[in-house]
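What follows is a set of notes on a single structure, which appears directly below.
The values are calculated or read from the model by the stated rules, or taken from the named source; none is laboratory data. Treat the numbers as computed from the prediction; the structure is a model and nothing was measured. All Cβ positions, even for glycine, are placed from backbone atoms using ideal geometry, and neighbour counts span all protein chains on display. SASA here: full protein model, heavy atoms, side chains in, ligands and nucleic acids out. Shrake-Rupley method; radii C 1.70, N 1.55, O 1.52, S 1.80 Å.
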Amino acid sequence: NGWIPYRVMSTSMSLEFAYNDYSTALMAKGLGYEEDYLKYERRSHQWENLWNPDLRDGEHIGFIDARYEDGKFAFIPPGTTGGSWTSPFYEGSSWTYSYYMPHDFDRLIELMGGREAFVKRLEYGFRNHLVKYDNEPGFLAPRAFAHAGRPDIASYWVHDTMDNGFDLNGYPGNDDTGSMASWYVFCYLGLFPNAGQDFYYLNAPRCTSAEIMLSDGKVLRIKADAGKGRVYIKSCRINGKEWDSPFVRHSDISDGGLIEFELSDVPVR
């Protein structure tokens, strides 16, 4: 069908399998298996089969939905959060899962009406607690702003999440063998991986100085004029090079080096 028909976890699995297919495509390409690369790259876009252009929540229209075997959509209200083993949406709602396309944000932005509309809608989702960060499905959601050209807003919501979701009493959700803690540590350092791909997102770090021990004795150092309220990146240098992108490739830092941040308490675009 190109999707898993409506049943428990069917929507969540369909989205995750699409990304698994993309990861498989990257592996096939790296190994020189062009036919397999093309096959799995095509399959990786099948998440769009679950995009219901007519599903509405207030003024917002177009969401990921569950779909029956005959092709009809279930029209599950986008704010409905599925529990564990009880819903096509596993431990999340369509508001959150509608931003789970780690390999296809550009297409998602198109479906949501372009960059400006995308940013406005995602901010609405965060401000109204519709897009949740207390579970793995929402880990990349704040980073989606960067794909729409607004890394400043991404950094703002990353810091908002750290401030309001984490404290000395614990995490906003189940740590699940370290995932929640790892999310915080990466964000605290100022970079976060899009797992399965070869790049990291940059955000204003919380630390003024840190060292990450890599293989073969290599060290990646991070320095920043971090302080209260400084949640935006004003400028960045990586190994002495001025950096004007919200992304950094693994190859740029895999041999270690230095990332230097100059931060600000006002948005910098």
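Structure summary
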read-out: 1.4 Å probe accessible area per residue over the chain, in Å²; value: 50
read-out: Nearest 10 degrees, 0 to 90: helix 10-31 Cα axis against the chain principal axis; value: 60
read-out: Fraction of the pair-distance distribution of the stretch 123-257 above 22 Å, Cα-Cα pairs, percent; value: 36
read-out: For the stretch 46-91: relative contact order, % (alpha-carbon pairs under 8 angstrom, 6 or more apart); value: 25
read-out: Heavy-atom accessible surface of the stretch 80-154: percent carbon and sulfur, 1.4 Å; value: 48
read-out: Out-of-range pairs (alpha-carbon distance over 30 Å; input LYS72/LYS132; LYS120/LYS228; LYS132/LYS241; LYS29/LYS72; LYS132/LYS234); value: LYS132/LYS241; LYS29/LYS72
read-out: Kirkwood Rh and Cα Rg combined as Rg over Rh, evaluated for the stretch 1-141; value: 0.98
read-out: Using alpha-carbon coordinates, inclination of helix 115-127 to the longest axis of the chain, degrees; value: 90
read-out: Listed peptides 90-102, 155-167 by packing density, highest first (mean Cβ within 10 Å); value: 90-102, 155-167
read-out: Helix 179-189 axis, angle to the chain major axis (alpha carbon atoms, nearest 10°); value: 40
read-out: Over 24 Å [Cα-Cα, the stretch 61-149], rounded percent; value: 17
read-out: Longest to shortest principal axis, alpha-carbon extents of the chain, angstrom; value: 56, 46, 36
read-out: Computed P(r) (all Cα pairs; the stretch 195-258; 5 Å bins; percent); value: 4, 15, 26, 28, 18, 7, 2, 0
read-out: The stretch 20-85 - Kirkwood radius from inverse mean 1/r over Cα pairs (Å); value: 14.0
read-out: J(HN,Hα) series, the stretch 224-233, from Karplus relation 6.51 cos²θ - 1.76 cosθ + 1.60, nearest Hz, glycine and proline x; value: 7, 8, 5, x, 4, x, 8, 10, 10, 8
read-out: Mean Cβ neighbour count within 10 Å, used as a protection proxy, ranking 138-147, 34-43 highest first; value: 138-147, 34-43
